[in-house]
Amino acid sequence: MSDCIFCKIARGDVPAQIVHQDGQVTAFRDVNPQAPVHLLVIPNQHVGSAAELGPGNGPLLAAMLVVANRMAEGEGVAGTGYRLVLNVGADAGQSVPHLHLHLLGGRPLAWPPG
Ligand code: AMP
């Protein structure tokens, strides 16, 4: 989608602190971090949210999770623990309508979330 901010980041049209990119997935630092480690893992191709995913998206989801786990290793939080979050829709606080997996870590994270 031409006007989607995360599509633009994946294309390199908008700057971001990209920490990983491959043919399917891009990972970059959240501009407003909520924890010492806060990365976003997105598909390069536009998907509006997790609600749009179906059985055919299994490989994409696996790729996002594998990258998130690798990023957690690289950021030094794999041993202490981290949270992977998909916000879907208004009540969950989804503010960017492009599927993104939050990777949060580096401090104890409260549960339940707010
Ligand atoms: P959500 O509320 O689940 O939709 O999360 C969207 C996240 O994207 C928020 O944590 C924002 O801080 C982050 N965000 C929005 N725009 C940018 C950007 N240009 N670069 C990096 N992170 C962004």
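I'm trying to understand the selection: among the residues of the range 33-48, which are within 9 Å of the ligand (Cβ to nearest atom) and within 17 Å of residue 97 (Cα to Cα)? Reasoning before the result, please.
Initially, the range 33-48 is screened for residues within 9 Å of the ligand (Cβ to nearest atom), giving 33-34, 38, 40.
Passing the criteria: only 40.
In the range 1-32, which residue that is among the aliphatic types (A, V, I, L, M) and out of contact with any Phe, Trp or Tyr (no Cβ under 8 Å at 6 or more places or on another chain) is nearest to the ligand (Cβ to nearest atom)?
Per the criteria, the residue is 31.
One residue stands out in the range 1-47 among those that are farther than 26 Å from residue 78 by Cα and among the small types (Gly, Ala, Ser): the one that is surrounded by the fewest Cβ atoms within 10 Å (Cβ to Cβ), namely 2. Selection of first residues in the range 91-105 that are farther than 16 Å from residue 19 by Cα and of second residues that are within 6 Å of the ligand (Cβ to nearest atom) and modelled with pLDDT under 95, restricted to Cβ pairs under 8 Å at least 6 apart or on distinct chains, gives an empty result. Taking the criterion of being touching a Leu at 6+ places or on another chain (Cβ under 8 Å) and aromatic (Phe, Trp, Tyr), the only residue of the range 64-114 that qualifies is 82. Are any of the residues in the range 31-43 out of contact with any strand residue (DSSP E or B) (no Cβ under 9 Å at 6 or more places or on another chain), farther than 20 Å from residue 1 by Cα and not aliphatic (A, V, I, L, M)? Taking every residue of the range 31-43 in turn, none turns out to be out of contact with any strand residue (DSSP E or B) (no Cβ under 9 Å at 6 or more places or on another chain), farther than 20 Å from residue 1 by Cα and not aliphatic (A, V, I, L, M).
The values are calculated or read from the model by the stated rules, or taken from the named source; none is laboratory data. Nothing here was measured: the structure is a model prediction, and the numbers come from that model. Every residue, glycine among them, receives a Cβ derived from its backbone with ideal geometry; neighbour counts consider all protein chains shown.
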